[in-house]
Amino acid sequence: MENRLLKIGLPLALAAVLIFMTSFTFIVREYEVALKLRLGEIVSDTYAPGLHFRIPILNQIRKFDRRLQTLDSQPERFLTIEKKDVIVDSYAKWRIARPAQYLRSTGGSAARTSRLLSERINTSLRDEFGKRTIQEVVSDDRLALMEALTKEVNANAADLGVEVVDVRVKKIDLPPEVSDSVYQRMRAERERVARDLRAKGAEAAERIRADADRQRTVTIAEAYKEAEEIRGEGDAKAAEIYARAFNRDPGFYAFYRSLAAYRESFGQASNLMILGPDSHFFRFFRDAGGQQ
């Protein structure tokens, strides 16, 4: 009988303990924040990770993820200070900062939070883009733009109980009806710059050619001048040598010069000379001393 009671009582006791654990306790994980409500009113929001107690029916527990959340918004169209349309694709990183305020403002709904945050982000984007030109929002000023956006959105989202950590612009596009005109204007501008560069290049090339031609002419003239001077010096030395040789032995000099003339005259078969036999040119053929 006792064994039978033990077999029945032990499962009942375990079931009672299990019901107590699930009804009177709750667990807060490290990545969660928890709120305790008493009949719908928040009574505590300072629960560390671990096991905590509650009174069933009287207390309700609401848990939220306190990790960073990503809100990837749909691309929206905004006007710049130049009244030009741009299509902006952005996203934001946020997390729950004040759980009680978050529950009061959004009811703990992630969808409602995303909608409210998107409205604030779009308002801030519209304000910031309305202060800047297209050139500023696509250039290095984009970092300053995103810092200003983060500060403004974070201030606007304070009433939601969330902290906006970062707002980033992923892509900025022009509408299709504007892209063609902008492309054509950019193309015309690039072509103008290219023509200007080509004209400057042609001008520089002409200057280089003119300078090269001038240097070539000067170099040739100087070389010709130097060659003529060397040739003149050579002729002067040759004349001096001839004069000394003639003064030393006029007969031998005359004979040597005649031999050189014979060599030049008879060296080629095509040479034709018509001379009389008593010509002075052949005087050394008749007499070794060159006498008539």
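Some points to look at:
- Complete set of residues in region 152-171 that are of a type in the set (Lys, Arg) and either within 12 Å of Ile96 (Cα to Cα) or assigned to a loop (DSSP other than H, G, I, E, B) (or both): none
- Check on Leu197, within 26 Å of the chain's Cα centre (by Cα) and modelled with pLDDT of 90 or more: yes
- Wholly within region 46-96, strands (runs of 3 or more DSSP E) carrying at least 3 residues that are more than 24 Å from Leu145 (Cα to Cα) and of a type outside the set (A, V, I, L, M, F, W, C): 59-65
- All positions within region 117-135 that are in contact with a helix residue (DSSP H, G or I) (Cβ under 8 Å, 6 or more places away or on another chain) and surrounded by fewer than 18 Cβ atoms within 10 Å (Cβ to Cβ): Thr123, Asp127
- Residues satisfying the stated conditions in region 77-125, i.e. closer than 30 Å to Ser44 by Cβ and among the basic types (Lys, Arg): Lys93, Arg95, Arg98, Arg104, Arg112, Arg115, Arg120
- Within region 96-108, residues that are within 15 Å of Glu163 (Cβ to Cβ) sit with their Cβ atoms under 6 Å from residues that are among the hydroxyl-bearing types (Ser, Thr, Tyr) and surrounded by 17 or more Cβ atoms within 10 Å (Cβ to Cβ), at 6+ positions apart or across chains, in these pairs: Ile96/Tyr102; Thr106/Thr113.
The values are calculated or read from the model by the stated rules, or taken from the named source; none is laboratory data. Owing to the predicted nature of the structure, the values given are computational and were not obtained by experimental measurement. Because the Cβ atoms are built from the backbone with ideal geometry, glycine has one as well, and the counts that use them run over all protein chains shown.
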